[in-house]
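Below: one structure, written as structure tokens.
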């Protein structure tokens, strides 16, 4: 049987340890091609490069443990997936995996996530796709306890297919040595960021800001990703790219939008 | 009665004619403050500035027709909204409007849209929000026939409130002189972009790409935004930022994710 073709990407850049860990475990499952940004792209949301040129080149990052074929790309994670599907791969991948992100993409973070934007881009193109994130922002985070779960989720996805119109958002708790307790299918918790802007003055007298903030969980539901992660489980949220709030359409149809003033 | 406070932003930049048109009509409804990017940010999706400084300054773009208070900002549309809400406004806005974008943000384009990312950011913060786009990419597009509809939708939103967890994605057809026929509440049509990469070689011999593509509509539904626009109607899609595909959770719970190999 032909091995599945696995497209691997991320948003932390092609040298990130999380990507390297993901490559190592994907090589146990299939044929791996990497197309990843040449520099970190965190917080890029679903950005694409419209008014600029895109560069891409074959690279060797880790001759022994890397993938047989790796490309770095000057664009965003979504650009990487578009370029891979249209230009760089010689056949359609069986799955696209993105990550493992250094840091959480649970709850509302999915909106800002470059990791998930790559997965969503693949999903829009009809390729089964999964974004993986470890809830540890450290560059030296320990990805080892995650890998068993990453492998299981990819194998199950290849076996079952993925629900139409969705991609999977997988977050893995930081558990300091003990492995996660298991995997839970969840919904995205309601949450937001309470921004604080750190206002400073440059040496030339110009005012500028650093964006900082505190995560604010607004949802105590035991069926949420935040609950699962806080209790030591890997969370899997089926994430859709039809953003229509279908259930609100009847309510909006009661508005008098087409009446003359 | 106190006039509503209206936060106006966009992704084409603070000098864009579409923003200027939006300001003019918002001044008929309330007190207007503008916080908009200092340069075009199209295709930025929901990007935010994490690893860089943000600059913001008071500007006067059009003394007569502009807003009494306008700020330009070096960040993305989502940054503009965060900065406005946390730092620049002296009270919470009653509504946030983004646009009028030079070009469509219907169907799958909502995912890539800087215009909509600003609206979604406001929505996450609990501020009623609307993104407006005209299906005409020209910088000299005629926004005049749109303004009556923009005003009506904002007035109705202030009157009715907005369904919880949603923002409105409004697209206005290009109708060459004749005004749109009316307003329709719609769902997001299924569609994607068939990318084509235009591969070139730089004067120094480096290969690079331009991202181009053709829009591919996969959905003939008469309840979609694409149908409404093609038939001369303004489309209003309630857009949510809970991306969970709730209906697929039972299906995923049938997977054997927690069984040992």
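The values are calculated or read from the model by the stated rules, or taken from the named source; none is laboratory data. Fair warning: this is a prediction, and the values are worked out from it, not measured in the lab. Cβ atoms come from the backbone with ideal geometry, glycine included; neighbour counts cover every protein chain shown.
Does segment A:199-208 include one or more residues that are within 21 Å of the chain's Cα centre (by Cα) and facing another protein chain (nearest Cβ under 10 Å)?
no
Restricted to segment A:159-225, the set of strands (runs of 3 or more DSSP E) holding at least 3 residues that are surrounded by fewer than 16 Cβ atoms within 10 Å (Cβ to Cβ) comprises A:191-201, A:207-217.
Would you check if there is a residue in segment B:243-256 being more than 28 Å from residue B:123 (Cβ to Cβ) and more than 10 Å from chain A (Cβ to nearest Cβ)? Within segment B:243-256, none of the residues are more than 28 Å from residue B:123 (Cβ to Cβ) and more than 10 Å from chain A (Cβ to nearest Cβ).
Could you tell me whether segment B:51-60 includes any residue that is outside any strand (DSSP E or B) and in contact with a helix residue (DSSP H, G or I) (Cβ under 8 Å, 6 or more places away or on another chain)?
In the first step, residues of segment B:51-60 are kept if they are outside any strand (DSSP E or B); the result is B:51-53, B:59-60.
Okay, now just the ones that are also in contact with a helix residue (DSSP H, G or I) (Cβ under 8 Å, 6 or more places away or on another chain), so none.
No, that holds for no residue.
Only a single item in (1) buried (at least 22 other Cβ atoms within 10 Å of the Cβ); (2) touching a helix residue (DSSP H, G or I) at 6+ places or on another chain (Cβ under 8 Å); (3) facing chain B (nearest Cβ under 8 Å) is not met by residue A:80, and it is number (3). For segment A:233-261, a residue qualifies if it is over 24 Å from residue A:167 (Cβ atoms) and out of contact with any strand residue (DSSP E or B) (no Cβ under 6 Å at 6 or more places or on another chain), and the qualifying residues are A:250, A:251, A:254, A:255, A:256, A:259, A:260, A:261.
Checked against the criteria, residue B:141 counts as crowded, with 17+ Cβ neighbours inside 10 Å, modelled with pLDDT under 95 and either closer than 23 Å to residue B:10 by Cβ or touching a strand residue (DSSP E or B) at 6+ places or on another chain (Cβ under 6 Å) (or both).
When segment B:200-232 is filtered for residues that are touching a residue at least 24 places away in the same chain (Cβ under 8 Å) and over 24 Å from residue B:118 (Cβ atoms), the ones remaining, listed by number, are B:216, B:217, B:218, B:219, B:221, B:223, B:227, B:230, B:231, B:232. So how many residues does segment A:6-36 have that are in contact with a strand residue (DSSP E or B) (Cβ under 8 Å, 6 or more places away or on another chain) and in a helix (DSSP H, G or I)? Of the residues in segment A:6-36, 7 are in contact with a strand residue (DSSP E or B) (Cβ under 8 Å, 6 or more places away or on another chain) and in a helix (DSSP H, G or I). Tally up the residues in segment B:24-50 that are within 12 Å of another protein chain (Cβ to nearest Cβ), in contact with a helix residue (DSSP H, G or I) (Cβ under 7 Å, 6 or more places away or on another chain) and free of Cβ contacts under 8 Å to residues at least 40 places away in the same chain, please. Within segment B:24-50, residues that are within 12 Å of another protein chain (Cβ to nearest Cβ), in contact with a helix residue (DSSP H, G or I) (Cβ under 7 Å, 6 or more places away or on another chain) and free of Cβ contacts under 8 Å to residues at least 40 places away in the same chain number 2. Restricting B:87, B:125, B:121 to those that are within 11 Å of another protein chain (Cβ to nearest Cβ), surrounded by fewer than 24 Cβ atoms within 10 Å (Cβ to Cβ), over 14 Å from residue B:19 (Cα atoms) and in contact (Cβ under 8 Å) with a residue 40 or more places away in the chain reduces the list to B:125. If you filter segment B:226-238 down to residues that are at the interface with chain A (Cβ under 8 Å from one of its Cβ atoms) and touching a helix residue (DSSP H, G or I) at 6+ places or on another chain (Cβ under 6 Å), you find that the one that is surrounded by the fewest Cβ atoms within 10 Å (Cβ to Cβ) is B:238.
Pick from segment B:2-15 the residues that are closer than 15 Å to residue B:72 by Cβ and crowded, with 22+ Cβ neighbours inside 10 Å: which of them is farthest from the other protein chains (Cβ to nearest Cβ)? Steps first, answer last, please.
Taking segment B:2-15 and keeping what is closer than 15 Å to residue B:72 by Cβ, we get B:7-15.
Subsequent filtering for residues that are crowded, with 22+ Cβ neighbours inside 10 Å retains B:7-12, B:14.
Numbers: B:7: 15, B:8: 19, B:9: 15, B:10: 16, B:11: 11, B:12: 12, B:14: 17 Å.
Here the answer is B:8.
Scanning segment A:43-72 for residues that are touching a strand residue (DSSP E or B) at 6+ places or on another chain (Cβ under 8 Å) and farther than 18 Å from residue A:82 by Cα turns up A:59, A:60, A:61, A:66, A:67, A:68.
Looking at the structure I just gave you, is residue B:55 touching a residue at least 40 places away in the same chain (Cβ under 8 Å) and within 9 Å of chain A (Cβ to nearest Cβ)? It is false that residue B:55 is touching a residue at least 40 places away in the same chain (Cβ under 8 Å) and within 9 Å of chain A (Cβ to nearest Cβ).
For segment B:128-158, which positions are assigned to a helix (DSSP H, G or I) and touching a residue at least 40 places away in the same chain (Cβ under 8 Å)? Spell out how you get there, then give the answer.
The initial filter retains those residues of segment B:128-158 that are assigned to a helix (DSSP H, G or I), namely B:144-158.
Correct list: B:144, B:146, B:147, B:149, B:150, B:151, B:153, B:154, B:155, B:157, B:158.
For segment A:96-112, the condition of being more than 30 Å from residue B:165 (Cβ to Cβ), at pLDDT below 95 and either over 11 Å from the mean Cα position of the chain (by Cα) or surrounded by fewer than 21 Cβ atoms within 10 Å (Cβ to Cβ) (or both) holds for none of the residues.
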